[in-house]
Every structure is written in C-alpha cells, then in structure tokens.
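To start, the structure itself, in structure tokens.
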Amino acid sequence: MNAREIPTAIRNGETTAKEVLETYLEAIHNREEEIHAFNLVLEEEARNEAERIDTLTAEGENLGPLTGIPVAIKDNICTQGVPTTCSSKILDGWRPPYDATIIGRLREAGAVIVGKTNLDEFAMGASTENSAFGPTRNPLDTTRVPGGSSGGSAAAVAAGFAPLAIGSDTGGSIRQPAALCGVVGVKPTYGRVSRYGLVAFASSLDQIGPFAETVADAALLLEVISGHDPLDTTSIPEPPLDLSTALTQGVEGLRIGVIDELSGGAIEGISDDVLECLEDAVQALTSAGAIVERTSVPSTVYGLSAYYVIAPAEASSNLARYDGVRFGPRVDAKTTSEMMVATRTAGFGDEVKRRIMLGTYALSAGYYDAYYGKSQKVRTLIMNDFANAYKKYDLLLSPTAPTTAFPLGDKTEDPLQMYLQDICTISSNLAGHPAMSVPFGKGTDGLPVGIQVLASAMDEHTMFRAGAVLEASNQGKS
Amino acid sequence: MNERISRDDVAHVARLACLSLTNDELDSFTSQLADILEHAADLDALELEEIEPTAHPLPLANVLRDDEPGAVADREKFLASAPQVENNQFKVPPALGDPA
C-alpha cells in the first residue's frame with residue numbers, strides 16, 4: 001500500500017493504524033539488525049500513538065492527511081524528551097527540551113513517528129559511514145553504502161521500515177542517498193520548510209525534506225511539513241504547498257535544459273551507466289511532450305569548491321556550542337577551557353573535526369578573503385547562472401550522483417573523493433533552489449540510478465510535474 | 001603534499017577550534033586539508049573583482065514578528081540537559097587562572 005492510501009483505508013475501516021504499524025515493525029524486526037537504519041526505534045511510543053489514532057478515528061474524528069502513516073525521522077531533528085544524537089558522541093544521552101516545528105506538524109497530521117534514523121555525524125558525509133554508532137547498509141546490496149548523510153532515512157524507506165521519512169539536505173544529503181537507495185528524495189526551496197529544531201550544520205544551506213517510495217507520497221509529506229513558521233526567521237511567508245495538480249499535469253510544452261557541465265561535460269567522474277540513464281530520462285520527457293536540450297550552467301563547475309569552504313565555515317561557528325557546558329556529556333578537567341578541549345576532542349569524530357578546522361581556517365585572519373570571501377562571490381555567480389538558465393528553461397536536469405551505490409570503506413580514507421559525491425547536488429543548496437531525485441533506470445551493477453530535476457526558487461510545482469512523468473516512465477520500463 | 005596549509009597552521013587552527021590533536025592526527029589532517037584547499041584553488045582562475053558576495057539565498061532583511069507574549073521555555077527542562085548545575089545555573093570548572 002502506498003503511503004497516501006493508508007489514511008483512506010483507515011477511515012474506511014479496511015485497516016487500522018495499529019495494523020499498518022505492525023506490518024512495518026515486522027519488517028524492522030526482520031532486517032534492522034542487518035541494515036542499521038535507525039539509531040532508535042520508538043516501538044512502544046509508536047504503538048501508543050497508533051492506538052490513540054484508532055480510538056479517535058473510531059469516534060469519527062478526521063485526523064489529517066497522514067493519519068496512521070509511519071514516518072521515520074533523521075536523528076538531527078529535535079524530538080522532545082526523545083534522544084536526538086546527530087549520530088555524535090557529543091550529544092549522547094541528550095533529550096531535547098522541545099520539538100522541531102515539523103514534528104508538531106507531522107503529529108497534527110496524524111503521522112506515527114517510528115524512530116530516529118542514522119546519519120553521518122552532524123550530517124557531514126555522503127555514505128553514513130561517519131556515524132559514531134556504525135554505518136547504515138544499503139538494503140538493495142548490504143555490501144554497499146546507502147549514501148548520506150540521510151542514509152538511515154533513505155534505507156528505512158527502501159527497506160520498507162517506513163513508507164515515509166524525513167531528511168535534511170545541506171549539499172545533497174537527501175537527494176544522493178535517495179538516488180543510491182532507489183527512492184524519491186526532495187530538497188525544497190530554502191525556507192520552504194521550517195528549520196526550527198533542526199540541529200544546525202550550515203545554516204544558509206540546510207533544508208528539511210521528504211523521502212518516499214513514490215513521487216506522490218513525497219508530495220504528500222512535503223505539503224504537510226511546508227509553510228511559514230514564525231519560529232524560523234528564514235521561513236518563507238507562504239502557506240503550505242498544494243502539489244495535487246502537479247502529479248497529473250504532465251510536461252507537455254515544458255522547456256527542460258540538461259546541465260551539460262554535470263552530464264558528461266566539464267566535470268569528470270560521472271559514470272557511463274549513469275549518463276545512459278540520463279539519456280533515457282531525456283527520451284522519456286521528450287516523449288511526454290517536453291522540449292529537452294543541453295544547456296550550459298558554467299559556474300556549477302565551481303560549486304563543490306565554494307561549498308567546501310562555505311559549509312565548513314558555517315559549521316565551525318555552529319558547532320562551537322558543543323563545549324560541555326549546557327548539554328551533552330562532559331569530560332572533566334581542571335579548568336573550563338581544558339574541559340572544553342577535552343570534551344570536544346572526545347566527542348567529535350574525524351570528519352567533524354576536519355570540517356571544523358577547515359572552516360576555522362577559511363574564516364581566520366589572512367585567509368578570509370582568499371577562501372570565504374571568494375566562495376561567497378562564486379555563490380553569486382551560481383545564482384546568476386541559474387537565473388539566466390531559467391529565462392530559457394522551466395526546469396533543469398542532471399544525474400543526482402556520479403555513480404550507483406559504492407562499497408562500504410571505498411572512500412573513507414580519502415575525504416575529497418567522498419566530497420565529489422555531491423558534485424551534482426551542491427549548486428541547488430548554494431542557490432537555495434529546490435531539486436528532487438527520482439529513481440530512473442539501473443546501473444550496470446543492477447543498482448538504481450537517480451535523475452535530478454532542478455527548479456527555480458519556489459517552483460516545486462513544476463519540478464513535481466517532471467518527477468511524476470519520470471516515475472511513470474520508469475515504472476513502465478520495469 | 002602541497003603548500004596550501006602547513007602542519008603549524010593546522011595546529012593553530014585546532015587550538016582556535018578547541019580541539020586537541022595527536023601527532024599522527026596532525027599529519028593526516030594536514031595532508032587531507034591541503035588536498036581540499038588545493039581543490040578549492042580552482043576558484044583562483046575566476047575573475048571575481050566586480051562580483052558581490054552572497055551570504056544567504058533569500059533576500060530577507062529585518063524579519064520581525066509581532067511582539068506577542070507566548071509560552072516561555074521551561075528552565076527546569078533546559079537545566080536537566082546540563083552536565084552540572086548549581087542554584088539554577090550551569091556549573092563549570094574554574095574559568096580563571098587557565099594555564100593556557
């Protein structure tokens with residue numbers, strides 16, 4: 001059953017929230033030990049919530065668009081009283097004193113929260129191997145990574161542990177794992193979804209978004225979590241999205257540009273089987289009536305370099321708060337400053353330390369202009385180039401990730417190789433634009449490939465039109 | 001290895017970031033950070049003199065909400081998260097007289 005069929009089936013008495021939940025809990029019992037999608041499964045809480053929903057539904061109450069749908073939550077999103085670790089030892093045992101805004105919205109809509117999913121520590125990584133609690137494995141091939149940083153959420157949906165999941169995307173952390181696990185993942189426009197209660201990594205880039213098995217289910221979840229929130233000053237003052245008409249509208253007459261630089265042009269390392277899937281996607285959109293052609297968005301080539309200055313710079317500032325004073329564990333020492341150094345040294349993993357130092361360096365006297373200042377200007381170039389492209393095209397297209405899922409351990413010794421996983425996704429974060437990954441075809445290894453649909457700021461509607469067409473065509477093939 | 005960042009630079013940055021590194025870590029971080037900064041050197045080729053920097057994707061300024069009284073955070077809950085508390089305050093080891 002698709003997620004969006006669950007609320008109707010419950011209301012019609014064909015099933016109950018409890019029954020739905022038990023199906024997913026059974027899948028978790030069967031395979032979670034092998035996959036490790038979750039840092040915490042909230043079995044008892046979920047059962048209580050499902051029972052509450054069933055009681056209220058029996059009393060005739062209409063609980064909302066997610067009634068009885070199990071949802072998995074990335075473990076960098078605050079849940080009141082429930083441990084939120086960011087897969088870091090430095091938050092071990094911490095229980096947030098408040099809920100993220102989206103948690104409240106999910107509950108109001110009738111969702112059942114099944115657990116907190118694994119991630120690369122503080123969302124820094126592309127394989128979920130940087131978790132202090134061990135890696136998540138790709139449900140389609142457990143010798144491979146699920147991608148990251150939201151690898152636990154992507155794996156949870158791919159393994160059938162939950163039909164919907166929430167992730168966060170700072171440089172591709174929803175879209176790339178979605179591609180590697182063969183599910184749909186969406187990074188909305190920056191500010192579309194409230195970040196209140198999302199543990200900050202790079203505040204000008206972070207955005208919460210949905211994972212789902214289908215484009216329609218991703219739309220359903222995005223509708224619920226989107227919309228203005230006075231608790232987030234960067235929240236866009238717009239009502240929640242309504243994407244219902246986008247799913248059936250088709251792409252007739254839409255102008256779509258394939259970003260040459262990311263599709264076998266300037267940037268090397270995009271594998272041939274991924275490019276073949278992209279060509280098939282172009283064919284599918286063309287057959288559906290879109291006008292698709294190659295186009296150049298030149299500065300996307302520089303996105304990776306700018307990102308790996310800007311994101312660490314913001315992170316070095318955001319992560320200064322983990323000092324053993326107000327929350328989390330503390331390593332005792334004689335003085336406050338020794339305590340802070342000991343706590344941070346013991347609490348952070350290598351990748352987080354690497355990024356904190358990179359960011360501190362890029363912001364330090366003498367290097368600020370050479371790295372941070374320059375990267376901020378490149379950000380302007382990228383925004384200008386996208387603005388030019390969207391004068392000619394309604395949407396842009398590229399692969400989501402350069403390859404299919406790679407083996408565990410493949411890139412852990414070489415951070416730069418790991419960073420290159422984000423090469424196609426990063427520019428959307430720098431520009432603040434929406435982008436989604438839709439499974440389309442398979443690589444030579446039989447693992448799924450994701451195609452990325454990019455849209456201009458606020459235009460999730462058109463993006464979902466193309467997403468739905470790609471999905472329908474992909475399903476027609478298999 | 002390149003000259004983008006020295007071992008001393010990394011040691012200095014680690015101090016600024018309140019991190020303590022072993023000698024082995026200093027070596028590996030220096031080489032990894034140098035690789036990343038070397039990749040970022042592709043930006044040197046760009047003509048950026050006339051370009052304005054972008055700090056943020058949204059053109060928002062002075063976002064103010066109405067000054068309406070709302071629920072106040074529960075102090076007990078926040079104090080409960082702290083490693084050490086005394087008299088409703090966060091407690092830390094002595095802050096003065098640091099050898100550093």
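The values are calculated or read from the model by the stated rules, or taken from the named source; none is laboratory data. As the structure is a computational prediction, the values presented were derived from the model and not from experiment. When we count neighbours, we look across all protein chains shown, and the Cβ atoms used for this are built from the backbone with ideal geometry, even at glycine.
Of all residues in region B:21-54, those that are exposed (fewer than 10 other Cβ atoms within 10 Å of the Cβ) and small (Gly, Ala, Ser) total 1.
A single member of A:Thr85, A:Thr67, A:Thr57 is among the polar types (S, T, N, Q), assigned by TED's automatic domain parsing to the domain that holds A:Ala132, surrounded by 20 or more Cβ atoms within 10 Å (Cβ to Cβ) and over 29 Å from A:Gly151 (Cα atoms), and it is A:Thr57.
Under 8 Å between Cβ atoms, at least 6 apart or on separate chains: pull out the pairs that start in region A:228-245 with a residue that is within 10 Å of chain B (Cβ to nearest Cβ) and free of Cβ contacts under 8 Å to residues at least 12 places away in the same chain and end on any residue that is assigned to a loop (DSSP other than H, G, I, E, B) and among the β-branched types (Val, Ile, Thr). Listed pairs, sorted by first residue: A:Thr233/B:Val63.
Scanning region A:269-328 for residues that are buried (at least 22 other Cβ atoms within 10 Å of the Cβ), more than 11 Å from chain B (Cβ to nearest Cβ) and over 30 Å from A:Leu254 (Cα atoms) yields a single hit, A:Ala311. No other residue among B:Asp66, B:Asp8, B:Asp42 is within 9 Å of another protein chain (Cβ to nearest Cβ), outside any loop (DSSP other than H, G, I, E, B) and among the acidic types (Asp, Glu) apart from B:Asp42. With respect to the conditions (1) at pLDDT 95 or above; (2) at negative phi; (3) surrounded by fewer than 24 Cβ atoms within 10 Å (Cβ to Cβ), A:Gly253 falls short on a single one, namely (2). Here the helices (runs of 4 or more DSSP H) wholly within region A:350-446 that include at least 1 residues being more than 14 Å from every other protein chain (Cβ to nearest Cβ) are A:374-392.
Each residue in region B:69-100 was checked for being within 8 Å of chain A (Cβ to nearest Cβ), over 23 Å from A:Ala342 (Cβ atoms) and part of a loop (DSSP other than H, G, I, E, B), and 2 of them qualify.
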